1. Please verify whether region 83-97 includes one or more residues that are modelled with pLDDT under 85, surrounded by 11 or more Cβ atoms within 10 Å (Cβ to Cβ) and not in a helix (DSSP H, G or I).
2. Could you go through region 43-66 and let me know if any residue there is modelled with pLDDT under 80 and part of a helix (DSSP H, G or I).
3. Among the numbered criteria (1) under 23 Å from residue 94 (Cβ atoms); (2) touching a helix residue (DSSP H, G or I) at 6+ places or on another chain (Cβ under 8 Å), which single criterion is violated by residue 46?
4. When residue 23 is evaluated against the numbered criteria (1) surrounded by 15 or more Cβ atoms within 10 Å (Cβ to Cβ); (2) modelled with pLDDT of 70 or more, which criterion, by number, is the only one it fails?
5. Given the conditions (1) part of a helix (DSSP H, G or I); (2) at pLDDT 85 or above; (3) surrounded by 11 or more Cβ atoms within 10 Å (Cβ to Cβ), which single one is not true for residue 33?
């Protein structure tokens, strides 16, 4: 039990990444790695799935997470997609300007 407590205390003493480093890492994955994967697998998916469906998958994978989830959930609920898209994009812009 004492060694477990020591391990927890040592984890707490490790300095975390600064918020700007975390932001750059998340943005790099969301706006760099995931779209790269989408564009890489798209040709293989076109041989199996309808081309319009693959285009939608690629477009959704290239959007930041908050934007694509807001739009998809609003559309599935029958809401105003254009308003949802504006609110999500504007909120994303405000979040990135804070850091």
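1. no
2. Initially, region 43-66 is screened for residues modelled with pLDDT under 80, giving 63-66.
With the extra rule that they be part of a helix (DSSP H, G or I), the set shrinks to 65-66.
Yes.
3. Here residue 46 clears every test but (1).
4. So the condition that residue 23 fails would be (2).
5. Only one criterion is unmet by residue 33, namely (3).
The values are calculated or read from the model by the stated rules, or taken from the named source; none is laboratory data. Source: prediction; values computed, not measured. Note that each Cβ is placed from the backbone with ideal geometry, even for glycine, and that neighbours are counted across all protein chains shown.
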